[in-house]
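Values in this text are rule-based calculations from the coordinates and carry no lab data. This one's a predicted model, so the numbers in the text were calculated from it and none came from an experiment. A quick note on method: Cβ atoms are made from the backbone with ideal geometry, for glycine too, and the neighbour counts reach across all protein chains shown.
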Amino acid sequence: MNDIYTARDIERGAHAHWRDTDAYRVSEDGSRPKFYACSMLPYPSGKLHMGHVRNYTINDMLTRQLRMKGMNVLMPMGWDAFGLPAENAALKNRVPPAQWTYDNIAYMKQQMQAMGLAIDWSREVATCDPSYYRWNQWLFLKMLEKGIAYRKTQVVNWDPVDQTVLANEQVIDGRGWRTGAPVEKREIPGYYLNITAYAPELLDHVQIGNERATLTGWPDKVRLMQENWIGKSEGVRFAFPHEIRGSDGELIQDGRMWVFTTRADTIMGVTFCAVAPEHPLAAHAAASSPKLAAFIEHCKKGGTTEAELALKEKEGQPTGLHVRHPLTGAPIEVWVGNYVLMGYGDGAVMGVPAHDERDFAFAKKYGLKIQPVVAVEGETFSTDAWADWYGDKQRGVCIDSGELDGLGHKAAVDKVASMLSARNLGEKKTTWRLRDWGISRQRYWGTPIPIIHCDSCGPVPVPEKDLPVVLPQDLVPDGSGNPLAKCEAFLNVACPRCGQPSRRETDTMDTFVDSSWYFMRYCDPKNDQAMVADGAKYWMPMDQYIGGIEHAILHLLYARFWTKVMRDMGLVSVDEPFTRLLTQGMVLNHIYSRKTAKGAKEYFWPHDVEHVHDAAGKIIGATLKTAVASADGELPPGTPIDYEGVGTMSKSKNNGVDPQDLIEKYGADTARLYTMFTAPPEATLEWNDAAVEGSHRFLRRVWAFGAKNAARLQAATAADLSAAPLRAPAKALRRELHLVLRQVSFDYGRMQYNTVVSGCMKMLNALDDFAWDDSDGDSALLCEGVSLLLRLLYPACPHLTWQLWRDLGYSAPLGDLLDAAWPEVDEAALVQDEIELVLQINGKLRGSLTVAASLDKAGIEAAALAHEAVVKQAAGQSAKKVVVVPGRLVNVVL
C-alpha cells in the first residue's frame, strides 16, 4: 500500500466501489429492525455550505453506525425546489427558474456525492417535479372535499410596482424589498387550510408536562416554541355594548364590540379600549375624521405579524366613539391602536394599563387613566414605571372592584364570567394563537392550485383524472407580476362542469406545502398510483430528523398537521411524523466589512484579511493582506477594515467556506471529521483554519500507522492468532482499548460525535505509543486494535477507513467495512489481574502500590506496611492505622 495519505485517490476509489455495488440502495426488509434517519432537504441555491456538510455528516454517521449494528437504515435526499429565490435569479439572469433550479441541483448533488454520503439516490425527489407536486394537488382537493381547505378573503401586502404579494419579511419600513415602492394592504381571495381544527392535538402531543405528549424525543426548547406558537389561552370572551350606528342606520356589529381576555379579574380597571385599524368601528370613525383616516392608512403600511408589531412603537388615535362597560355601564373611550391585529381574536382589546405592560406604555404615552384593581400585600403601585408584579395574575387579590373585592385571580375570573353570562354579554372560552394556514401565493414558481374559475359555476376543482396541473417551465418572470397571468396556454381551459371557456387559478401553493410531506414520499418515490403506500407503512414514523433550529416552528408544525390529515384520510397510520429531533448548531465564521464612499456596506473574504490585535491578544480590527477589488476601486494591502466578530456563514457576508475547496485541499474525510470533532452537534461551531489542519494531521497519522504496520497486519488477518497469550503490558493496552470502545459506543448512542472522535484519537495514541514486540500475542492485539479503530472511525471518515480495511487484509475474514459488525466490548478484557493504588504516608504522596486485583483489605494493608517507603519512614515504629480506599489509595498513619 502507499505510504502517503492521498485523499483524492482514496476517495475516488471508494466512490467507484460504492457506486458499482449500489451500496446504499435500501429496500423494505421485515427481517431486520428499520431505522429512518433524514436531514431536512435543502433549497437548491447553487452550492452547499459548511452548515450543510455538518448536518449531513451527522446523519451519515448515524446511518453508517446503525447499519453496522444490523439495522435496515434509510437515508434519502431531495430538493425543496420551488420558491422565490429561483424567481429572483430568473429576474437577474433572464433564465427560466426551472433551468436555474435543475442546474443547481446537479451541482449540489455532485458536492454531496463528493462527501461520500450514504444516500439512497434511487429515492431522490424534487418538489418542482410534476410527479411530486401532483400529490400536493390531489390532497388539496381531498381537503377541499372534507372542508379542511376553503376559500376566503385575506389581507395581504401588495407591491404595486411588481404587482405581487409580499411576505411580511419582504416589507422593509413599509416598502417593497426589491422595488422600494410603498406597500399597500389589499384584501384578495385565497385558500386556507384548517390547521386550527387540529390545534388541541398538535398541542397535546408536544406540550411539556402533558401526559398525552408523545414527542419526548424532541428538544425541550423546540417543544416550547411549538407550544407558544399554538398558544392556548383560557379566558373570557365578552362584549362592550354600544349604540353606534353605521351610515345605514343599523347598529355596527349588532351593538357589541367583542374582546377576549385571560385577565377578566381586572375588568374593573378598564380605562380605554383599542381596535385594529381594519375594525368596523375604526372605519366608521375615520369616515368623518381625515386625521384618523390618515393614521389608519399609515398603520396599514408595514408588517402584519405579532412579532413585528411587538417591536414597533405603540401608536394610537382616539376615535371619538365610546362603548359601555359591560358591568358598570360607564362610558369607555375607543382608540385605534397600531398594535391590535384584526386577524387575532375579534380585532379589539380592553385596555387595563395598571395590569398589562403594553397597555401601560400606551396609557403613559397618551395620558390615559391608570386604575389599579389588584393589590399585592407589601407592594405599592406606581404609575411612574412598570413593575413585573403589576401583571402577575398569580399574586394579589381584587380591590376597588365591587363584588370582586378580596377574590384571587381564578375566583374573580369565574365570578366575572358568571356576571357577564347573566347579562348575555360573555362566557368562558378557550382561544388559540394559531391561525389557519393561508397557502395561496401570487407567485409563479410553485405548485399550481388545481382550481378553474368559471363565470357560471364559480371556482371548480380540477378533476382528479386531469392531475397534475403542470406548471409551464419555460416562463421568465420580468418583475411585472405573475407570468402565469399572461400565459394563455396555461390560463385558458374549459370548465369541467359546464364546458364554457374558463381560466385556471394563477396562485400557487406556499412552499411549506412541498416540505410538509416529502419525507413520506421518500418511502414510495416511484409510485405513480398512490401518494404513499407500503413503503410509508414500513418506514414511518421517521426515527431521527435532523435540521436547523430556524425550522422549529412553521415547517415542523405544518409537517405535523399534514401527517394528521393524511392519517385521518387513511393514507398513513402514524399520529406524528418525527420520533426524535436533533437541531444542529450553526457554523460561524469571522465577518469583515467597510463602508463605501456612498455609505453602502461591503464585505470581505476571511482569506483576504489579517487581524489587528491589542496587547492582550484580543482582535480589535483587521487589514487587507492582498489587494482587493471594491466599489471604490482597488484597495491596496494594509487597508483598514471593520471587524464585526463572528456570525453565521452567509454568501451575502462573504464569510462562507466552500466545502469543495476544502475537499480539494484536504479531502472529504477531513471536512467531515472537522465538523464532527470541533463541537457537539447541538452547539454552534466557530470556523478555525488551524483546527482543520489538525484534523488532517490526525488522518495522516492513522494512515501512517496502518502503512507502517501493513505487513504485520496483513499476516495477522490471514492467520488465526486469537489464542495467542498476551504479556502483561499487552493486557493493559487491551483493557484500555475496550474501555475506549465502551465509551465511544455509548457516545454514538447519544449522538455526541465530538467525543466519538476524541475516543478515536485516544485509541490511536494508545496503539502508537505501545512498545510492540514480535510475539504472536502482540500481533493479535495489534490486529484487534486497528480493527477497532477503523470501525469506530469509519462513520466519520468512511473513505480512508474503507481503503485501510481493504489494504490491511480485514475484508477477507470480516467482509466489506460498510457491513462489518459493530465491535462488542469484551468484558473479560476489562478485568484486571493487578491494580495500582496511590500510596500515602500521613496523608502525603509517597509513591504507588501494585497489588493483585483480588487482594482483600487485610492483604492490601500488609503490602502497604511492607513497602520500602513505609519501612524507611517508619524506622522501626508501628503504624497507628492503615486506611484503604478500595481501588484508589492506601494511607499509612505513623
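So here's what we get for this one:
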| quantity | calculated |
| --- | --- |
| Magnitude of the charge dipole, the chain, Cβ model with Lys/Arg +1 and Asp/Glu -1, debye to 20 | 500 debye |
| Sorted by Cβ density within 10 Å, fewest first, the residues Asp455, Asp816 | Asp455, Asp816 |
| Spatial separation of Cα centroids for the range 442-457 and the range 227-242, in angstrom | 35 Å |
| The range 572-645: proportion of alpha-carbon pairs further apart than 20 angstrom, % | 47 percent |
| Between the range 420-435 and the range 803-859, the Cα center-to-center distance that results, in Å | 68 Å |
| Top positive-direction residue, dipole computed over the chain with Cβ charges, set Val838, Cys398, Gln154 | Cys398 |
| Ellipticity estimate at 222 nm from DSSP helix runs (n ≥ 4, -39,500 (n - 2.57)) divided over the chain, nearest 500 | -10500 deg cm²/dmol |
| Assigned charges on the beta-carbon of Lys, Arg, Asp, Glu; the range 232-427 dipole about Cα centre (debye) | 280 debye |
| For the range 627-679 versus the range 685-737, the gap between their alpha-carbon centres in whole angstrom | 34 Å |
| Positive-end extreme of charge dipole, the chain - chosen from Gly438, Ile549, Pro496 (charges on Cβ) | Gly438 |
| Pairwise label distance in nanometres, Val885 with Lys598, each label 7 Å out on the Cα-Cβ vector | 7.1 nm |
| The range 232-427 shape via C-alpha gyration tensor axes, a/c threshold 1.5 | oblate |
| Between 0 and 90°, nearest 10: helix 7-20 axis offset from the chain longest Cα axis | 70 degrees |
| Anisotropy class of the range 1-106 from Cα gyration tensor, a/c 1.5 cut | oblate |
| Footprinting exposure proxy for Arg504, Arg395, Arg750 (fewest neighbouring C-beta atoms within 10 Å first) | Arg750, Arg395, Arg504 |
| HN-Hα J in Hz across the range 851-859 - Karplus 6.51, -1.76, 1.60, θ = phi - 60°, x for Gly and Pro | 9, 5, 4, 8, 5, 7, 4, 5, x |
| Ranked Arg423, Arg497, criterion: other C-beta atoms within 10 Å, fewest first | Arg423, Arg497 |
| Whole-number Å³ per residue for the convex hull built on Cα positions in the range 73-121 | 74 Å³ |
| Bins of 5 Å from zero: percent of alpha-carbon pairs in the range 675-830 | 1, 9, 19, 21, 22, 15, 7, 4, 2, 0 |
| Candidate lysines - alpha carbon under 17 Å from Lys185, same-chain residues fewer than 8 apart omitted | Lys152, Lys300, Lys301 |
| Pair Ala711, Ala16: separation of 7 Å Cα→Cβ label points (nm) | 2.8 nm |
| Three semi-axes of the equivalent ellipsoid, the range 517-668, Cα gyration tensor, whole Å, largest first | 49, 16, 15 |
| Selected from Asn338, Gly255, Gly815, residue furthest toward positive end of dipole (the chain; charges at beta carbon) | Gly255 |
| Only Lys, Arg (+1) and Asp, Glu (-1) charged, at Cβ; the range 834-893 dipole about Cα centre in debye | 320 debye |
| Taking the C-alpha atoms of the chain, convex hull volume expressed per residue in Å³ | 262 Å³ |
| Global geometry of the range 465-521, whether rounded, prolate or oblate, following the gyration tensor of its Cα atoms and the 1.5 cut on a/c | oblate |
| Spin-label zone in the range 19-42 - amide nitrogen under 18 Å from a point set 7 Å from the Cα of Asp816 along the C-beta vector | 19-29 |
| Long-range amide H partners of Asp658 with built H, under 5 Å | none |
| Kirkwood Rh, angstrom, the range 834-893 [1 / mean 1/r, Cα pairs] | 11.2 Å |
| Cα-based helix-to-principal-axis angle, 220-230 vs the chain, degrees rounded to 10 | 10 degrees |
| Across Lys69/Lys731; Lys393/Lys429; Lys595/Lys651; Lys109/Lys142; Lys364/Lys429; Lys221/Lys410, pairs whose alpha-carbon gap is larger than 23 Å | Lys69/Lys731; Lys109/Lys142; Lys364/Lys429; Lys221/Lys410 |
